[in-house]
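Structure first, commentary second.
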Amino acid sequence: MARILVGVSGGIAAYKACELVRLFVKAGHEVVPVLTPAAEGFISYQTLNALARRSGGAGPYPHLEHADLFVIAPATANTLAKLAGGIADNLVTESALAHSGPLVLAPAMNARMWANPATQENMRVLRERGARTVGPEEGELGEGGSGVGRMSEPEAIFACCQELLAAFDSLAGTRILISAGGTREPLDSVRFLGNRSSGRMGVALAAEAARRGAEVTLVAANLSVPAPGGIELVEVASAAALADAVLGAEADVIVMSAAVADYTPAAPESGKRHKTDENWTLELEPTTDVLRELGRRRHKGQLLVGFAADEGDAGLERAREKLREKKVDLIVFNDISQPGIGFDADENAAVLISKAGEVVLSKAPKSKIAAGILDEIERLRR
Ligand SMILES: Cc1cc2nc3c(=O)[nH]c(=O)nc-3n(C[C@H](O)[C@H](O)[C@H](O)COP(=O)(O)O)c2cc1C
């Protein structure tokens, strides 16, 4: 049984929160309803508390209530914007800011509000920070007409919450090291050779692993997104520094999601190289193959995960070969020839390759792909 905060904001779908509360209570969970002032125009505390079998309100400090999960259904455009901006001006937004566990959002609004770039950007930010989203669906809207914006049915929201609660603390006591981002190889004191990795995938993995109770160390190479809270952060710049940090660490699971340079300038210049009319010819030498080295040094019970960013069917075949060649347990293959996924994108798709077989994760926000990868890691450890 879990303790669940059910936040309701001021949308026409607020009445559906009743059914959601009923489903949680029926499943044996303790429910604490919290409403925005606008939501109170649509539904009352009295109704939700009665369904939650609570005699009183949410208590004197509802925003400080501990909860295993916080779900906001419906989540209005206004509340999503406040959450993205860290605003805490009512019980729902205060509670969300103070909550450190899983957050589930079920947006509901008219189709134009949903399609607005401001809303889409807010959703991107919230997903990136690890919020799980359910819907909205396409269909008939409360105001009339149809389009994308209809809140998902309470059963679908309930199922998503149950899935997150099942994963709760499933990695407690496990030390996971995750590398993320892209390394930079110095050419001189100001220039470098880099790659387009933003670190989003590794950050999503770190957030999800921490949510599952793991002790997470994130070896971060030049992230372009903020690192999640509640983890140990080790910042590195180059492939050599990343290799030192990873190979020197103790961990039960190592996930190499960083894009590590395969080659580095053989003789970087110490100062800034000044422009001349001559060509600048570089000699590049191979860097340490961290994954292969991890495979060579692995200790009993340690699980190793590598990433393979490659193109098409031939790339998938190379990823299968990588599993054997590097002696790791799992390879996450990203097809970087597909538009809108992989490097520097909010979404990803992957094929998880292990000795046990292959699992296809179709295109989804990186937080969801991270959950799929960690589910597979847990399965392999069992
Ligand atoms: C009848 C009515 C229905 C509304 N439905 C929605 C809705 O479904 N989604 C939404 O984002 N806003 C909706 N709004 C607008 C919100 O109530 C308004 O933006 C409010 O400030 C939201 O406050 P809150 O996010 O603090 O609950 C509706 C307003 C009215 C009057």
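The values are calculated or read from the model by the stated rules, or taken from the named source; none is laboratory data. The structure displayed is predicted, hence computed values, not measured ones. Note: ideal-geometry Cβ built from the backbone for every residue, glycine included; neighbour counts use all protein chains shown. The area values use the complete protein model at the heavy-atom level, side chains included, leaving out ligands, DNA and RNA. Shrake-Rupley method; radii C 1.70, N 1.55, O 1.52, S 1.80 Å.
Summary table
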quantity	calculated
Prolate/oblate/rounded label for segment 113-244 (Cα gyration tensor, a/c 1.5)	oblate
GNM top mover of 284, 97, 294 - the chain, alpha-carbon springs below 10 Å	284
Accessible area in square angstrom per residue, segment 318-382, 1.4 angstrom probe	49 Å²
Per-residue SASA entry for residue 15, accessible area with 1.4 Å probe, Å² rounded to 10	150 Å²
Percent accessible area from carbon and sulfur atoms, the chain, protein chains only, probe 1.4 Å	49 percent
q = 0.17 Å⁻¹: log10 I(q)/I(0) that the Debye formula gives for segment 99-147, counting C-alpha atoms only	-0.55
Heavy-atom accessible area ranking, 1.4 Å probe, most first, across 9, 44	44, 9
DSSP beta bridge pairing in the chain, given as percent antiparallel to the nearest 5	30 percent
Rounded to the nearest 20 debye, dipole of segment 150-199 from Cβ charges on Lys, Arg, Asp, Glu	320 debye
Viscosity 0.890 mPa s, temperature 25 °C, Stokes-Einstein D of the chain from Kirkwood C-alpha radius, µm²/s	109 µm²/s
Charged-residue dipole, Cβ positions (Lys, Arg, Asp, Glu), segment 99-220 about Cα centre, Debye nearest 20	540 debye
Per residue, the convex hull volume that the Cα atoms of segment 68-134 enclose (Å³)	75 Å³
For segment 3-167, accessible area per residue (1.4 Å probe, heavy atoms of protein chains only), Å²	42 Å²
Translational D in µm²/s for segment 205-331 (Stokes-Einstein at 37 °C, 0.692 mPa s, Kirkwood Rh from C-alpha pairs)	195 µm²/s
Hydrodynamic radius of segment 3-167 per Kirkwood, over alpha carbon pairs, in Å	15.5 Å
Solvent accessible area, Å² - residue 324, 1.4 Å probe, full protein context	140 Å²
Nearest-20 debye value, the chain charge dipole, Cβ charges on Lys, Arg, Asp, Glu	740 debye
Crossing angle, helix 312-325 versus the chain [Cα axis fit, 0-90 degrees, rounded to tens]	70 degrees
Those lysines that a straight Cα-Cα span of less than 26 Å connects to residue 26, excepting residues fewer than 8 apart in one chain	16
Solution diffusion estimate, µm²/s, Stokes-Einstein, segment 111-180, Kirkwood Rh from C-alpha pairs, 37 °C, viscosity 0.692 mPa s	223 µm²/s
Cα-based helix-to-principal-axis angle, 366-381 vs the chain, degrees rounded to 10	70 degrees
